[in-house]
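What follows draws every value from the coordinates through simple rules; no lab data is involved. Note that this is a predicted model, so its numbers are computed, not measured. Methodologically, a virtual Cβ is constructed for each residue, glycine included, from the backbone with ideal geometry; neighbour enumeration extends over all protein chains shown.
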Protein chains: 2
Amino acid sequence: MAETIPHWLTKQAHLDPDQTAIEYENGGSITFSELERKSRAFASKLASLGIKKGSHVALLSGNSEKMIISLHAISYLGAVAVMLNTRLTEAELTHQITDAEVSIILTGEDERFKAMSFPVESYAMQEVERFAEMEVKLAEEINLDEPFTIIYTSGTTGFPKGVIHTYGNHWWSAVSSALNLGLNQEDKWLMAMPIFHVSGLSILMKSVIYGMPIFMMEKFDPERAHHAIMEKGITIISVVTVMVQRLLRQLGEEKYPKAFRCMLLGGGPAPKPLLEEAEKLGIPVFQSYGMTETSSQIVTLSPKDALTKIGSAGKPLMPAQLKICGKDDEGIGEIHVKGPMVTRGYYKNSQASERAFSDGWLATGDLGRLDKDGFLYVVDRRKDLIISGGENIYPSEIESVLSGMEQIKEVGVTGVEDQTWGQVPAAFIVKSREVSEGEICAYARKFLAGYKIPKYFYFIKELPRNASNKIVRSALTDQMDE
Amino acid sequence: MAETIPHWLTKQAHLDPDQTAIEYENGGSITFSELERKSRAFASKLASLGIKKGSHVALLSGNSEKMIISLHAISYLGAVAVMLNTRLTEAELTHQITDAEVSIILTGEDERFKAMSFPVESYAMQEVERFAEMEVKLAEEINLDEPFTIIYTSGTTGFPKGVIHTYGNHWWSAVSSALNLGLNQEDKWLMAMPIFHVSGLSILMKSVIYGMPIFMMEKFDPERAHHAIMEKGITIISVVTVMVQRLLRQLGEEKYPKAFRCMLLGGGPAPKPLLEEAEKLGIPVFQSYGMTETSSQIVTLSPKDALTKIGSAGKPLMPAQLKICGKDDEGIGEIHVKGPMVTRGYYKNSQASERAFSDGWLATGDLGRLDKDGFLYVVDRRKDLIISGGENIYPSEIESVLSGMEQIKEVGVTGVEDQTWGQVPAAFIVKSREVSEGEICAYARKFLAGYKIPKYFYFIKELPRNASNKIVRSALTDQMDE
């Protein structure tokens with residue numbers, strides 16, 4: 001049965017009107033009741049543009065209060081928000097806007113001119129604020145089966161597909177996380193991820209579902225994030241590997257406050273040396289596994305296992321299930337997941353939906369294995385798998401080893417064509433100190449079989465990353481000429 | 001869409017096998033993995049009695065490990081548990097067993113012989129344990145739309161009706177409570193309520209949904225409950241008014257440990273003097289409002305409002321809604337509630353279901369009002385309302401005032417027929433010290449309008465209470481001859 005709940009923002013504004021909903025870096029903040037009032041007013045203005053139940057409204061903006069208000073306003077109108085990644089090219093954005101049948105684009109100030117070339121009307125959010133309010137009935141309830149957001153998968157490879165998230169997907173994601181991490185009255189989550197990504201969006205959803213303040217950064221900056229953790233009562237932060245690395249450098253000899261209880265690490269397998277360093281420093285890093293299709297984490301290492309299962313992404317959250325299909329001799333196979341936080345499909349792409357889903361299970365395209373206690377170890381993206389002379393080589397394994405060298409700051413590995421072996425691994429290295437190919441090979445040989453030692457080394461200035469800071473392995477080979 | 005989750009006990013046993021599920025008064029305990037193993041084994045034995053998906057199995061037992069195992073076993077078979085109140089008469093039980101189409105009764109040791117007279121086969125749980133295990137496929141998943149339990153409403157008045165709880169009702173109830181009270185890693189809930197009541201059952205459901213240990217008492221005993229709070233790391237206890245009174249007497253000059261964070265008070269409006277006393281002693285009493293139909297509390301005073309809104313039951317939980325219908329001049333009307341924890345109806349009683357439900361809203365039959373901030377004050381059961389000379393008199397208001405007298409230990413008020421006024425209030429008083437009618441009237445006049453002063457006073461030894469310790473006002477008049 002489709003469950004119905006009161007509109008979550010109206011509800012939080014009623015339950016706890018004076019509770020802080022969002023705190024800003026400049027020291028300002030907004031309460032749930034102010035956020036509700038502004039969102040309702042914005043909805044009434046948006047309505048004058050013809051936006052109504054079922055309309056697709058694209059948001060093209062970096063993190064800002066206006067973006068959050070726009071998102072809630074869209075929900076008050078029963079419309080669907082298409083979350084656009086500001087870092088994409090015009091061609092990529094045009095594809096998503098067309099594919100998602102967007103009728104109007106709302107932009108931040110910075111994206112205003114970019115949006116003008118799109119085949120759909122666009123308005124700066126600031127512009128809409130000057131509109132008159134229209135009399136319109138705003139949603140009092142939320143039907144959990146209805147769609148709320150569409151996010152195109154990061155598209156590091158392959159053609160982007162629009163993942164539809166229902167309100168229920170977001171609700172279950174937030175509740176599942178609370179059942180795993182607990183929910184304390186003093187919780188405050190640092191959101192340094194873009195809201196147009198599910199990683200940031202899911203923090204915003206937790207805020208309105210828990211009635212929890214979030215500390216919003218426009219974008220991740222290690223110094224300012226560090227300062228926030230030290231001074232602003234942050235209890236949880238969501239991060240990807242590179243953010244952990246940068247935060248550790250900021251930390252130096254300091255210690256995080258005791259209230260800081262969780263660094264929730266997503267965005268792909270993390271190098272084990274980094275996790276071990278964090279553990280030594282007493283930093284509560286909880287690895288997790290998830291993707292846009294699962295509305296953020298679906299597998300997380302819980303507090304009690306964080307120390308004993310370093311390197312594991314943990315166990316599937318309470319309402320979620322996981323199985324490994326097509327296992328090889330080492331037990332590695334494709335990760336399949338199921339649960340109420342998993343999308344029911346891609347927008348207008350039944351072919352992709354049918355390929356990904358069977359019997360309620362989503363084939364993630366990621367490779368992993370379970371240890372004897374049922375803990376998940378994510379091995380790699382299946383599409384990043386290098387097959388060399390019939391042997392499976394997982395780039396993340398090589399990256400994890402090489403990143404243990406002091407002279408290496410960051411490393412990405414990908415397969416390149418090879419006449420003899422089909423593919424061989426190539427390493428793209430950002431050095432922190434001088435180091436030679438020979439030294440790296442010698443180091444790698446201590447940990448890796450011969451066929452896993454990269455055949456090519458490229459020393460580059462910076463790894464290609466997407467908007468959520470994940471390494472784009474498919475773009476590594478573009479750096480070969482550097 | 002009907003949501004599916006993994007079987008919650010299997011899941012907890014996987015997530016946290018060594019976590020304590022239940023702690024007993026004798027110092028023993030059982031982990032989630034042991035509980036899972038025993039419940040599965042018991043299910044395989046029960047299957048040999050022909051119990052299968054959809055079967056109705058009655059449980060007639062006081063709180064015990066066996067009862068908990070039986071309940072989970074029933075769920076592994078996809079059967080439905082009909083929770084029988086051990087304090088009912090043979091005739092009352094026979095009615096429920098017949099009405100609920102029970103095919104088998106499982107009893108505790110004490111109820112073994114009582115059950116033999118019923119028109120349905122019965123087995124002691126202990127007996128079933130000696131059966132051979134049958135090979136049977138146990139549920140791996142739970143569909144939240146399916147029924148799990150049937151509980152007949154307390155039946156203090158009127159004809160009892162079987163409230164069907166789906167798995168989803170229990171799930172949402174537990175999650176809603178966590179969103180309100182928070183969820184800490186060290187939480188341990190003291191269950192001193194009978195499991196055959198929704199008050200006890202809901203604690204058991206929270207245990208398996210949160211992965212939280214509960215401390216189980218066979219029945220409430222103030223001395224032993226006090227000891228448990230002081231010594232056993234209890235963080236939350238569910239209570240009714242009389243239990244608070246008894247616990248306060250036990251407390252004396254002591255202070256509860258700091259970890260003890262919530263005394264969750266249900267079972268009807270509590271006398272304000274008691275709440276004020278608790279507040280003075282620094283005891284975190286959170287009033288709540290709920291009933292069998294709402295799968296336990298649906299309105300609760302949250303931690304932050306507990307001190308400023310004494311006497312209020314709080315606001316409806318995050319996914320719940322509330323409205324007051326048919327308000328009088330003082331804003332008092334019937335409480336209607338809606339939410340995914342609310343039953344969808346009574347078993348095979350479409351007439352009662354239709355009367356109670358309209359458009360997803362449940363008419364509770366309780367009277368209440370909302371203050372300007374939206375906090376609920378439950379005034380009384382509508383059926384307990386006394387109408388005297390056209391004036392509405394709420395027994396709980398008089399009870400609340402009289403219980404403020406030191407000489408009065410407990411008091412129940414009900415209406416008795418009167419030739420002049422239609423009805424007048426009568427007070428049934430349990431004294432703690434000597435006191436006269438005159439003194440009581442003089443005291444009452446300070447707080448109550450003349451027409452609310454009881455016309456009759458009966459001094460009795462004990463108030464009639466039902467199995468969940470609520471005063472049965474309809475039985476008060478039976479005490480007139482005492």
Check: Put a dot 7 Å past each Cα toward the Cβ at B:Glu90 and B:Phe447; how far apart are the dots in nm?
Finding: 4.4 nm
Item checked: FRET efficiency for A:Cys325 and B:Lys53, using Cβ-Cβ distance with R0 set to 35 Å, rounded to 0.05 -> 0.80
Notebook entry, point to check: Along the charge dipole of the protein assembly as shown, which of B:Thr364, A:Ala278, B:Tyr456 sits closest to the positive end, that is, farthest toward it, with unit charges on the beta carbon of Lys, Arg, Asp and Glu (+1, +1, -1, -1)?
Noted result: A:Ala278
Checklist line | Average beta carbon contacts from partner chains per residue of A:172-185, 10 Å cutoff | finding: 4
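Please state the charge dipole magnitude for the stretch A:4-379, taken about the Cα centre, from unit charges on C-beta atoms (+1 on K and R, -1 on D and E), reported in debye and rounded to the nearest 20.
On the way: 37 positive and 45 negative charges, 78 e Å.
Once rounded to the nearest 20, the dipole reads 380 debye.
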Notebook entry, point to check: Got a sec? Charge dipole of chain B, +1 on Cβ for Lys and Arg, -1 for Asp and Glu; which of B:Ser122, B:Gly200, B:Gly290 is way out at the positive end?
Noted result: B:Gly290
Notebook entry, point to check: Relative to the first principal axis of the alpha-carbon coordinates of chain B, what is the inclination of helix B:222-231, with its axis defined by its Cα atoms, in degrees from 0 to 90 and to the nearest 10?
Noted result: 70 degrees
Next item on the list: Note the distances from B:Lys137 to each other copy's matching label point, with points 7 Å along the Cα-to-beta-carbon direction, in nm, sorted shortest first.
Entry: 4.6
Next item on the list: Take the alpha carbon atoms of the stretch A:233-310, find their center, do the same for the stretch A:82-116, and report the distance between the two centers in whole angstrom.
Entry: 32 Å
Check: Put the label 7 Å from Cα along Cα→Cβ for B:Glu417; what are its distances to the other copies, in nanometres, shortest first?
Finding: 10.0
Next item on the list: For the stretch A:404-466, run through the GluC sites (Glu not before Pro) and keep only the ones in DSSP coil with at most 12 other Cβ atoms within 10 Å of their Cβ.
Entry: A:Glu406, A:Glu434, A:Glu462
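Determine the percent antiparallel among the DSSP beta bridges restricted to chain B, to the nearest 5.
The antiparallel proportion sits near 60 percent.
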Checklist line | Computed [θ] at 222 nm, deg cm²/dmol, chain A (DSSP H ≥ 4; -39,500 (n - 2.57); rounded to nearest 500) | finding: -8000 deg cm²/dmol
Notebook entry, point to check: What gaps in nm, shortest first, separate B:Glu277 from its twins in the other copies when you place the label 7 Å past Cα toward the beta carbon?
Noted result: 6.1
Check: What is the average number of partner chain Cβ atoms found within 10 Å of a Cβ in A:77-86?
Finding: 0
Notebook entry, point to check: Mind checking the angle between helix A:198-210 and chain A's longest principal axis? C-alpha axes, 0 to 90 degrees, to the nearest 10.
Noted result: 50 degrees
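How charged is the neighbourhood of A:Glu111? Take every other residue with its Cβ under 12 Å from the Cβ of A:Glu111, and add Lys/Arg as +1 and Asp/Glu as -1.
+1
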Next item on the list: Looking at the protein assembly as shown, send over the antiparallel percent of its DSSP beta bridges, to the nearest 5.
Entry: 60 percent
Notebook entry, point to check: At what distance in nm do the modelled label points of B:Lys137 and B:Lys219 sit from each other, each positioned 7 Å from its Cα along Cα→Cβ?
Noted result: 4.3 nm
Notebook entry, point to check: How much FRET efficiency would the formula 1/(1 + (r/R0)^6) give for A:Ser117 and A:Ser474, where r is the Cβ-Cβ distance and R0 is 30 Å, rounded to 0.05?
Noted result: 0.70
Check: When only DSSP loop residues count, what trypsin sites (Lys or Arg not before Pro) in the stretch A:105-161 have their Cβ near at most 13 other Cβ atoms within 10 Å?
Finding: A:Arg130, A:Lys137
Checklist line | Loop trypsin sites (Lys or Arg not before Pro), the stretch A:33-85, which have at most 12 other Cβ atoms in a 10 Å radius of their Cβ (DSSP) | finding: A:Lys53
Checklist line | Local electrostatic count, B:Asp373, Cβ distance below 10 Å [Lys/Arg +1, Asp/Glu -1] | finding: +1
Item checked: Fraction of antiparallel bridges per DSSP, the stretch A:1-111 only, in percent to nearest 5 -> 25 percent
Next item on the list: Can you spot the lysines whose alpha carbon is less than 16 Å from A:Lys206's alpha carbon? Ignore those fewer than 8 places along the same chain.
Entry: A:Lys11, A:Lys188
Next item on the list: Under 16 Å Cα to Cα from A:Lys272, which lysines show up? Leave out anything in the same chain fewer than 8 places away.
Entry: A:Lys280, A:Lys309, A:Lys409, A:Lys446
Next item on the list: Mind checking B:312-319 for the average number of partner chain beta-carbons within 10 Å of each residue's beta-carbon?
Entry: 4
